[in-house]
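Here's the structure we're looking at; comments come further down.
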Amino acid sequence: MSNHKYQICTNCIMDTSDSGIFFDQNGVCDYFNNYFKNIKPNWHTGNRGQQEIDKMLKKIRSAGKGKEFDCILGISGGIDSSYLTYLAKEKFKLNPLIFHVDGGWNSQQAVNNIEKLVDNLNLELHTEVINWEEMKDLQLAYFKSQVPHLDTPQDHAFFASLYNFAAKNNIKYILNGGNYSTECVREPLEWSYHASDLVQLKDIHSRFGSIKLETFPQADIFTYKIYYRFLKGVRVWRPLNCLPYIKDDAMNMLIEKFGWQKYAHKHYESRFTRFYEGYWLPSKFGFDKRRAHFSSLILTSQMTRNEAIEKINKSPYDPETIALDFEFIANKLDISVFELQEIHSGPNKSWKDYKSRQPLINLGTKVMRLLGIQRAIIR
Ligand SMILES: [Zn+2]
(Lines give C-alpha, C1' and ligand atoms only; values in the text may rest on other atoms or scores of the structure.)
Protein backbone atom coordinates (compact mmCIF):
# COMPACT_ATOMS: atom_id res chain seq x y z
CA MET A 1 0.00 0.00 0.00
CA SER A 2 1.10 3.55 -0.61
CA ASN A 3 2.15 6.07 1.98
CA HIS A 4 -0.85 8.27 1.21
CA LYS A 5 -3.35 9.00 3.93
CA TYR A 6 -6.15 6.47 4.19
CA GLN A 7 -9.39 7.53 2.51
CA ILE A 8 -12.61 5.73 1.68
CA CYS A 9 -15.26 6.89 -0.77
CA THR A 10 -18.31 8.51 0.82
CA ASN A 11 -20.70 6.77 -1.60
CA CYS A 12 -19.22 3.29 -2.11
CA ILE A 13 -16.49 1.44 -0.19
CA MET A 14 -13.56 1.72 -2.59
CA ASP A 15 -10.58 3.14 -0.74
CA THR A 16 -6.88 3.90 -0.96
CA SER A 17 -6.02 0.17 -1.08
CA ASP A 18 -6.38 1.05 -4.79
CA SER A 19 -3.38 3.38 -4.94
CA GLY A 20 -4.65 5.01 -8.14
CA ILE A 21 -8.05 5.97 -6.76
CA PHE A 22 -9.12 9.59 -7.19
CA PHE A 23 -11.57 11.44 -4.96
CA ASP A 24 -13.45 14.61 -5.92
CA GLN A 25 -13.99 17.54 -3.55
CA ASN A 26 -16.97 15.73 -1.98
CA GLY A 27 -14.92 12.62 -1.26
CA VAL A 28 -16.63 10.64 -4.04
CA CYS A 29 -14.37 8.21 -5.92
CA ASP A 30 -13.81 8.07 -9.66
CA TYR A 31 -15.46 4.63 -9.95
CA PHE A 32 -18.69 6.14 -8.67
CA ASN A 33 -18.47 9.19 -10.90
CA ASN A 34 -17.53 7.10 -13.93
CA TYR A 35 -20.50 4.85 -13.31
CA PHE A 36 -22.99 7.70 -13.51
CA LYS A 37 -21.22 9.48 -16.32
CA ASN A 38 -20.23 6.62 -18.63
CA ILE A 39 -21.82 3.33 -17.66
CA LYS A 40 -25.39 4.02 -16.52
CA PRO A 41 -26.40 6.29 -19.46
CA ASN A 42 -25.30 3.56 -21.90
CA TRP A 43 -26.70 0.57 -20.06
CA HIS A 44 -30.18 -0.37 -21.25
CA THR A 45 -32.12 -3.19 -19.64
CA GLY A 46 -35.60 -2.21 -20.82
CA ASN A 47 -36.96 -1.92 -24.35
CA ARG A 48 -33.63 -1.01 -25.89
CA GLY A 49 -32.04 -4.00 -24.18
CA GLN A 50 -34.76 -6.26 -25.53
CA GLN A 51 -34.18 -4.92 -29.04
CA GLU A 52 -30.51 -5.72 -28.68
CA ILE A 53 -31.40 -9.24 -27.51
CA ASP A 54 -33.75 -9.79 -30.48
CA LYS A 55 -31.13 -8.56 -32.90
CA MET A 56 -28.43 -10.78 -31.44
CA LEU A 57 -30.62 -13.88 -31.25
CA LYS A 58 -31.43 -13.51 -34.92
CA LYS A 59 -27.73 -13.32 -35.80
CA ILE A 60 -26.80 -16.24 -33.54
CA ARG A 61 -29.54 -18.49 -34.92
CA SER A 62 -28.60 -17.69 -38.46
CA ALA A 63 -24.88 -18.32 -37.82
CA GLY A 64 -25.84 -21.65 -36.24
CA LYS A 65 -28.05 -22.92 -39.05
CA GLY A 66 -27.28 -26.54 -39.84
CA LYS A 67 -24.79 -26.75 -36.98
CA GLU A 68 -25.07 -28.80 -33.83
CA PHE A 69 -24.64 -25.68 -31.65
CA ASP A 70 -25.30 -22.02 -32.38
CA CYS A 71 -23.14 -20.66 -29.58
CA ILE A 72 -20.82 -21.64 -26.76
CA LEU A 73 -21.02 -20.67 -23.13
CA GLY A 74 -18.39 -21.11 -20.46
CA ILE A 75 -19.73 -22.25 -17.10
CA SER A 76 -17.91 -22.11 -13.76
CA GLY A 77 -20.81 -23.03 -11.50
CA GLY A 78 -20.92 -19.47 -10.15
CA ILE A 79 -23.99 -17.27 -10.36
CA ASP A 80 -23.27 -15.23 -13.50
CA SER A 81 -22.49 -18.15 -15.79
CA SER A 82 -25.21 -20.34 -14.24
CA TYR A 83 -27.90 -17.73 -14.76
CA LEU A 84 -26.69 -17.10 -18.28
CA THR A 85 -26.93 -20.82 -19.02
CA TYR A 86 -30.54 -20.81 -17.87
CA LEU A 87 -31.34 -17.73 -19.97
CA ALA A 88 -29.68 -19.07 -23.11
CA LYS A 89 -31.70 -22.27 -23.10
CA GLU A 90 -35.01 -21.41 -21.39
CA LYS A 91 -35.54 -17.80 -22.40
CA PHE A 92 -33.55 -17.34 -25.59
CA LYS A 93 -34.23 -20.87 -26.90
CA LEU A 94 -30.70 -21.10 -28.15
CA ASN A 95 -28.76 -24.27 -28.62
CA PRO A 96 -25.56 -23.63 -26.67
CA LEU A 97 -22.66 -25.95 -26.07
CA ILE A 98 -21.88 -25.65 -22.37
CA PHE A 99 -18.15 -25.56 -21.87
CA HIS A 100 -16.47 -26.20 -18.55
CA VAL A 101 -12.80 -26.09 -17.73
CA ASP A 102 -11.70 -28.21 -14.81
CA GLY A 103 -8.56 -26.56 -13.51
CA GLY A 104 -8.36 -28.89 -10.54
CA TRP A 105 -9.91 -26.63 -7.90
CA ASN A 106 -13.65 -27.10 -8.36
CA SER A 107 -15.68 -26.94 -5.17
CA GLN A 108 -18.46 -29.46 -4.56
CA GLN A 109 -21.01 -26.67 -5.09
CA ALA A 110 -19.58 -25.85 -8.49
CA VAL A 111 -19.78 -29.46 -9.64
CA ASN A 112 -23.32 -29.79 -8.28
CA ASN A 113 -24.47 -26.57 -9.93
CA ILE A 114 -23.14 -27.50 -13.33
CA GLU A 115 -24.64 -31.00 -13.16
CA LYS A 116 -28.04 -29.75 -12.03
CA LEU A 117 -28.29 -27.17 -14.80
CA VAL A 118 -27.04 -29.45 -17.55
CA ASP A 119 -29.36 -32.31 -16.55
CA ASN A 120 -32.47 -30.22 -15.97
CA LEU A 121 -32.09 -28.12 -19.07
CA ASN A 122 -31.03 -31.06 -21.18
CA LEU A 123 -27.81 -29.42 -22.33
CA GLU A 124 -24.66 -30.75 -23.91
CA LEU A 125 -21.60 -30.33 -21.66
CA HIS A 126 -18.01 -30.36 -22.81
CA THR A 127 -15.46 -30.53 -20.01
CA GLU A 128 -11.85 -29.72 -20.64
CA VAL A 129 -9.56 -31.10 -17.95
CA ILE A 130 -6.29 -29.23 -17.57
CA ASN A 131 -3.19 -31.35 -17.13
CA TRP A 132 -2.68 -31.11 -13.40
CA GLU A 133 1.13 -31.39 -13.42
CA GLU A 134 1.34 -28.36 -15.70
CA MET A 135 -1.35 -26.45 -13.82
CA LYS A 136 0.44 -27.14 -10.55
CA ASP A 137 3.79 -26.04 -11.91
CA LEU A 138 2.37 -22.80 -13.27
CA GLN A 139 0.38 -22.10 -10.13
CA LEU A 140 3.43 -22.63 -7.96
CA ALA A 141 5.45 -20.36 -10.26
CA TYR A 142 2.91 -17.61 -9.66
CA PHE A 143 3.14 -18.11 -5.90
CA LYS A 144 6.93 -17.90 -6.08
CA SER A 145 6.82 -14.78 -8.26
CA GLN A 146 5.12 -12.96 -5.35
CA VAL A 147 2.61 -11.17 -7.57
CA PRO A 148 -0.91 -10.58 -6.23
CA HIS A 149 -2.74 -11.99 -9.28
CA LEU A 150 -2.45 -15.67 -8.39
CA ASP A 151 -5.73 -16.42 -10.11
CA THR A 152 -4.13 -15.92 -13.52
CA PRO A 153 -3.25 -19.58 -14.25
CA GLN A 154 -6.84 -20.64 -13.56
CA ASP A 155 -8.42 -17.70 -15.41
CA HIS A 156 -6.09 -18.03 -18.36
CA ALA A 157 -6.88 -21.72 -18.69
CA PHE A 158 -10.62 -20.96 -18.59
CA PHE A 159 -10.75 -18.32 -21.24
CA ALA A 160 -7.97 -19.69 -23.50
CA SER A 161 -9.61 -23.14 -23.67
CA LEU A 162 -12.95 -21.60 -24.48
CA TYR A 163 -11.71 -19.22 -27.16
CA ASN A 164 -9.42 -21.78 -28.76
CA PHE A 165 -12.24 -24.31 -28.83
CA ALA A 166 -14.69 -21.83 -30.40
CA ALA A 167 -12.19 -20.75 -33.07
CA LYS A 168 -11.19 -24.33 -33.88
CA ASN A 169 -14.75 -25.64 -34.09
CA ASN A 170 -16.08 -22.69 -36.03
CA ILE A 171 -18.52 -21.56 -33.34
CA LYS A 172 -19.16 -17.89 -34.03
CA TYR A 173 -20.74 -16.68 -30.81
CA ILE A 174 -19.42 -16.83 -27.27
CA LEU A 175 -21.95 -15.92 -24.59
CA ASN A 176 -20.21 -14.31 -21.68
CA GLY A 177 -21.57 -13.73 -18.17
CA GLY A 178 -19.64 -10.48 -17.69
CA ASN A 179 -22.00 -7.74 -16.54
CA TYR A 180 -22.29 -4.26 -15.07
CA SER A 181 -24.78 -5.31 -12.42
CA THR A 182 -22.23 -7.14 -10.27
CA GLU A 183 -18.99 -5.91 -11.87
CA CYS A 184 -19.33 -2.23 -12.74
CA VAL A 185 -16.48 -1.44 -10.36
CA ARG A 186 -13.54 -3.28 -11.89
CA GLU A 187 -10.75 -4.43 -9.65
CA PRO A 188 -7.67 -2.29 -10.39
CA LEU A 189 -4.80 -3.95 -12.27
CA GLU A 190 -2.72 -3.59 -9.13
CA TRP A 191 -4.97 -6.23 -7.51
CA SER A 192 -5.91 -8.26 -10.53
CA TYR A 193 -3.73 -8.01 -13.62
CA HIS A 194 -4.97 -9.18 -17.07
CA ALA A 195 -5.07 -12.98 -17.03
CA SER A 196 -4.91 -12.87 -20.82
CA ASP A 197 -1.40 -11.38 -20.98
CA LEU A 198 0.49 -14.39 -22.28
CA VAL A 199 3.80 -12.54 -22.31
CA GLN A 200 3.63 -12.15 -18.56
CA LEU A 201 2.45 -15.70 -17.99
CA LYS A 202 5.38 -17.05 -19.97
CA ASP A 203 7.88 -14.78 -18.26
CA ILE A 204 6.77 -15.81 -14.78
CA HIS A 205 6.72 -19.46 -15.76
CA SER A 206 10.16 -19.33 -17.36
CA ARG A 207 11.63 -17.85 -14.19
CA PHE A 208 9.89 -19.95 -11.56
CA GLY A 209 8.44 -23.00 -13.31
CA SER A 210 10.21 -26.32 -13.60
CA ILE A 211 8.43 -28.29 -16.33
CA LYS A 212 7.36 -27.44 -19.87
CA LEU A 213 3.82 -26.28 -20.55
CA GLU A 214 2.93 -28.63 -23.37
CA THR A 215 -0.84 -28.92 -23.19
CA PHE A 216 -1.75 -25.98 -20.98
CA PRO A 217 -4.21 -23.89 -23.04
CA GLN A 218 -2.76 -20.59 -24.14
CA ALA A 219 -4.23 -17.62 -25.99
CA ASP A 220 -2.81 -14.15 -26.01
CA ILE A 221 -5.09 -11.15 -25.54
CA PHE A 222 -4.35 -10.07 -29.13
CA THR A 223 -4.98 -13.54 -30.52
CA TYR A 224 -8.57 -13.45 -29.39
CA LYS A 225 -9.24 -9.70 -29.60
CA ILE A 226 -7.90 -9.41 -33.14
CA TYR A 227 -7.19 -12.73 -34.83
CA TYR A 228 -10.19 -14.66 -33.54
CA ARG A 229 -12.50 -11.65 -33.69
CA PHE A 230 -11.70 -10.33 -37.14
CA LEU A 231 -10.21 -13.26 -39.02
CA LYS A 232 -12.16 -16.12 -37.52
CA GLY A 233 -15.30 -14.08 -36.86
CA VAL A 234 -15.71 -15.18 -33.24
CA ARG A 235 -17.82 -12.66 -31.36
CA VAL A 236 -18.48 -12.24 -27.68
CA TRP A 237 -21.89 -11.19 -26.39
CA ARG A 238 -22.80 -10.22 -22.82
CA PRO A 239 -26.56 -10.72 -22.56
CA LEU A 240 -26.70 -10.02 -18.81
CA ASN A 241 -26.26 -6.34 -19.68
CA CYS A 242 -29.40 -6.33 -21.83
CA LEU A 243 -31.95 -7.23 -19.17
CA PRO A 244 -32.57 -6.62 -15.48
CA TYR A 245 -30.11 -8.83 -13.63
CA ILE A 246 -30.47 -8.81 -9.85
CA LYS A 247 -28.04 -11.22 -8.26
CA ASP A 248 -30.17 -12.33 -5.28
CA ASP A 249 -33.26 -12.85 -7.42
CA ALA A 250 -31.27 -14.87 -9.93
CA MET A 251 -29.79 -17.04 -7.17
CA ASN A 252 -33.15 -17.69 -5.54
CA MET A 253 -34.68 -18.65 -8.86
CA LEU A 254 -31.87 -21.12 -9.59
CA ILE A 255 -32.08 -22.60 -6.08
CA GLU A 256 -35.83 -23.13 -6.38
CA LYS A 257 -35.90 -24.34 -9.93
CA PHE A 258 -32.76 -26.46 -10.13
CA GLY A 259 -31.46 -27.18 -6.62
CA TRP A 260 -28.56 -24.88 -7.35
CA GLN A 261 -26.28 -24.31 -4.30
CA LYS A 262 -25.22 -20.97 -2.91
CA TYR A 263 -21.63 -20.36 -1.95
CA ALA A 264 -20.35 -17.75 0.48
CA HIS A 265 -19.13 -15.09 -1.95
CA LYS A 266 -18.54 -14.25 -5.61
CA HIS A 267 -15.86 -16.54 -7.14
CA TYR A 268 -15.85 -18.90 -4.15
CA GLU A 269 -17.09 -21.68 -6.40
CA SER A 270 -13.38 -22.52 -6.73
CA ARG A 271 -11.65 -23.68 -3.57
CA PHE A 272 -8.44 -22.04 -4.69
CA THR A 273 -10.15 -18.70 -5.33
CA ARG A 274 -11.82 -18.75 -1.93
CA PHE A 275 -8.43 -19.16 -0.27
CA TYR A 276 -6.75 -16.68 -2.56
CA GLU A 277 -9.35 -13.89 -2.46
CA GLY A 278 -10.57 -14.54 1.05
CA TYR A 279 -7.24 -14.97 2.78
CA TRP A 280 -4.05 -14.61 0.74
CA LEU A 281 -4.73 -11.35 -1.03
CA PRO A 282 -6.08 -9.36 1.95
CA SER A 283 -3.56 -10.69 4.49
CA LYS A 284 -0.48 -10.38 2.27
CA PHE A 285 -1.32 -7.36 0.10
CA GLY A 286 -4.16 -5.54 1.83
CA PHE A 287 -6.35 -6.02 -1.27
CA ASP A 288 -9.88 -7.18 -0.58
CA LYS A 289 -11.70 -7.92 -3.83
CA ARG A 290 -14.99 -7.87 -1.96
CA ARG A 291 -14.50 -4.10 -1.85
CA ALA A 292 -14.99 -3.90 -5.62
CA HIS A 293 -17.75 -6.54 -5.62
CA PHE A 294 -19.75 -4.81 -2.85
CA SER A 295 -19.16 -1.38 -4.41
CA SER A 296 -20.64 -2.67 -7.67
CA LEU A 297 -23.70 -3.82 -5.75
CA ILE A 298 -23.97 -0.44 -3.98
CA LEU A 299 -23.83 1.43 -7.29
CA THR A 300 -26.53 -0.79 -8.76
CA SER A 301 -28.72 -0.52 -5.62
CA GLN A 302 -28.41 -4.15 -4.58
CA MET A 303 -26.67 -3.42 -1.29
CA THR A 304 -26.52 -0.42 1.03
CA ARG A 305 -23.21 1.16 1.94
CA ASN A 306 -23.79 0.34 5.62
CA GLU A 307 -24.36 -3.31 4.83
CA ALA A 308 -21.18 -3.37 2.77
CA ILE A 309 -19.12 -1.77 5.54
CA GLU A 310 -20.46 -4.23 8.06
CA LYS A 311 -19.64 -7.17 5.77
CA ILE A 312 -16.17 -6.01 4.74
CA ASN A 313 -15.13 -5.67 8.37
CA LYS A 314 -15.75 -9.36 8.89
CA SER A 315 -13.35 -11.96 7.55
CA PRO A 316 -15.00 -13.79 4.64
CA TYR A 317 -14.31 -17.12 6.29
CA ASP A 318 -13.42 -18.44 9.70
CA PRO A 319 -9.85 -19.11 10.93
CA GLU A 320 -10.39 -22.88 11.14
CA THR A 321 -11.43 -23.14 7.51
CA ILE A 322 -8.51 -20.90 6.54
CA ALA A 323 -6.10 -23.26 8.31
CA LEU A 324 -7.68 -26.27 6.60
CA ASP A 325 -7.51 -24.57 3.22
CA PHE A 326 -3.90 -23.55 3.83
CA GLU A 327 -2.97 -27.18 4.32
CA PHE A 328 -5.13 -28.31 1.43
CA ILE A 329 -3.54 -25.83 -0.98
CA ALA A 330 0.01 -26.67 0.15
CA ASN A 331 -0.66 -30.40 -0.21
CA LYS A 332 -2.15 -29.99 -3.63
CA LEU A 333 0.84 -27.97 -4.78
CA ASP A 334 3.20 -30.60 -3.32
CA ILE A 335 4.90 -28.20 -0.95
CA SER A 336 4.88 -28.10 2.85
CA VAL A 337 2.71 -25.75 4.88
CA PHE A 338 5.95 -24.15 6.03
CA GLU A 339 7.06 -23.46 2.44
CA LEU A 340 3.71 -21.89 1.67
CA GLN A 341 4.00 -19.75 4.80
CA GLU A 342 7.46 -18.65 3.71
CA ILE A 343 6.11 -17.52 0.37
CA HIS A 344 3.33 -15.69 2.20
CA SER A 345 5.83 -13.73 4.28
CA GLY A 346 8.15 -13.01 1.33
CA PRO A 347 8.46 -9.55 -0.27
CA ASN A 348 5.48 -8.53 -2.41
CA LYS A 349 5.88 -7.85 -6.12
CA SER A 350 3.53 -6.56 -8.80
CA TRP A 351 2.79 -7.18 -12.48
CA LYS A 352 5.27 -4.38 -13.20
CA ASP A 353 8.16 -6.55 -12.02
CA TYR A 354 7.74 -8.90 -14.99
CA LYS A 355 7.52 -8.64 -18.74
CA SER A 356 4.10 -7.67 -19.96
CA ARG A 357 2.02 -6.49 -22.86
CA GLN A 358 0.62 -3.64 -20.79
CA PRO A 359 1.83 -0.75 -23.00
CA LEU A 360 0.02 -2.30 -25.97
CA ILE A 361 -3.02 -3.31 -23.94
CA ASN A 362 -3.18 0.23 -22.60
CA LEU A 363 -3.24 1.61 -26.10
CA GLY A 364 -5.98 -0.84 -27.05
CA THR A 365 -8.02 0.16 -24.00
CA LYS A 366 -7.71 3.86 -24.91
CA VAL A 367 -8.97 3.16 -28.41
CA MET A 368 -11.88 1.11 -27.03
CA ARG A 369 -12.77 3.91 -24.61
CA LEU A 370 -12.79 6.42 -27.45
CA LEU A 371 -15.06 4.14 -29.43
CA GLY A 372 -17.31 3.71 -26.41
CA ILE A 373 -16.75 -0.05 -26.27
CA GLN A 374 -14.92 0.02 -22.95
CA ARG A 375 -16.76 2.00 -20.30
CA ALA A 376 -15.53 0.68 -16.95
CA ILE A 377 -12.39 2.21 -15.46
CA ILE A 378 -9.34 0.05 -16.08
CA ARG A 379 -6.13 1.05 -14.39
ZN1 LIG B 1 -16.90 5.28 -4.65
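The values are calculated or read from the model by the stated rules, or taken from the named source; none is laboratory data. Please read all numbers here as calculations on a predicted model, not as lab measurements. No Cβ is skipped: glycine too gets one built from the backbone with ideal geometry, and neighbour counts run over all protein chains shown. When the accessible area is computed, the model is the full protein with side chains, heavy atoms only, and any ligands, DNA or RNA have been set aside. Shrake-Rupley method; radii C 1.70, N 1.55, O 1.52, S 1.80 Å.
Scan Lys58, Lys89, Lys65 and give me the residue that is surrounded by 18 or more Cβ atoms within 10 Å (Cβ to Cβ) and more than 16 Å from the ligand (Cβ to nearest atom).
So the residue among Lys58, Lys89, Lys65 that is surrounded by 18 or more Cβ atoms within 10 Å (Cβ to Cβ) and more than 16 Å from the ligand (Cβ to nearest atom) is Lys89.
For the condition aromatic (Phe, Trp, Tyr) and either in contact with an Asp or Glu (Cβ under 7 Å, 6 or more places away or on another chain) or crowded, with 21+ Cβ neighbours inside 10 Å (or both), what is the one hit in Tyr227, Tyr173?
Going through Tyr227, Tyr173 in turn, just one is aromatic (Phe, Trp, Tyr) and either in contact with an Asp or Glu (Cβ under 7 Å, 6 or more places away or on another chain) or crowded, with 21+ Cβ neighbours inside 10 Å (or both): Tyr173.
Assigned to a loop (DSSP other than H, G, I, E, B) and either in contact with a Lys or Arg (Cβ under 8 Å, 6 or more places away or on another chain) or buried (at least 21 other Cβ atoms within 10 Å of the Cβ) (or both): is that true of Pro153 in this structure?
no
If I ask for residues that are in contact with a Phe, Trp or Tyr (Cβ under 6 Å, 6 or more places away or on another chain) and surrounded by fewer than 24 Cβ atoms within 10 Å (Cβ to Cβ), which ones from the range 156-169 would you list?
Once the filter is applied, which keeps residues that are in contact with a Phe, Trp or Tyr (Cβ under 6 Å, 6 or more places away or on another chain) and surrounded by fewer than 24 Cβ atoms within 10 Å (Cβ to Cβ), the range 156-169 yields only Ala167.
Would you tally the residues in the range 55-97 being part of a loop (DSSP other than H, G, I, E, B) and not hydroxyl-bearing (Ser, Thr, Tyr)?
Summing the residues that are part of a loop (DSSP other than H, G, I, E, B) and not hydroxyl-bearing (Ser, Thr, Tyr) in the range 55-97 gives 14.
With respect to the numbered conditions (1) closer than 21 Å to Lys262 by Cβ; (2) touching a residue at least 40 places away in the same chain (Cβ under 8 Å); (3) open to solvent by less than 10 Å² (accessible area, probe 1.4 Å), which one is the sole condition not fulfilled by Phe99?
The single condition Phe99 does not satisfy is (1).
Filter the range 312-322 down to the residues that are away from the ligand (no atom under 16 Å from the Cβ) and either in a loop (DSSP other than H, G, I, E, B) or in contact with a helix residue (DSSP H, G or I) (Cβ under 9 Å, 6 or more places away or on another chain) (or both) and list them by number.
Selection gives Asn313, Lys314, Ser315, Pro316, Tyr317, Asp318, Thr321, Ile322.
For the range 331-338, check the following and say yes or no: at least one residue is without any contact (Cβ under 8 Å) to a residue 24 or more places away in the chain, part of a loop (DSSP other than H, G, I, E, B) and over 24 Å from His205 (Cα atoms).
No, the range 331-338 contains no residue that is without any contact (Cβ under 8 Å) to a residue 24 or more places away in the chain, part of a loop (DSSP other than H, G, I, E, B) and over 24 Å from His205 (Cα atoms).
Output yes when any residue across the range 14-25 is within 26 Å of Asp249 (Cα to Cα), part of a loop (DSSP other than H, G, I, E, B), more than 16 Å from the ligand (Cβ to nearest atom) and within 23 Å of the chain's Cα centre (by Cα), and no when none is.
no
Which one is surrounded by the fewest Cβ atoms within 10 Å (Cβ to Cβ), of the residues in the range 273-301 that are in a loop (DSSP other than H, G, I, E, B) and polar (S, T, N, Q)?
Here the residue is Ser301.
Looking at (1) open to solvent by 60 Å² or more (accessible area, probe 1.4 Å); (2) at pLDDT 90 or above; (3) in a helix (DSSP H, G or I); (4) over 17 Å from Tyr193 (Cα atoms), which one does Lys352 not meet, given that it meets all the others?
Here Lys352 clears every test but (4).
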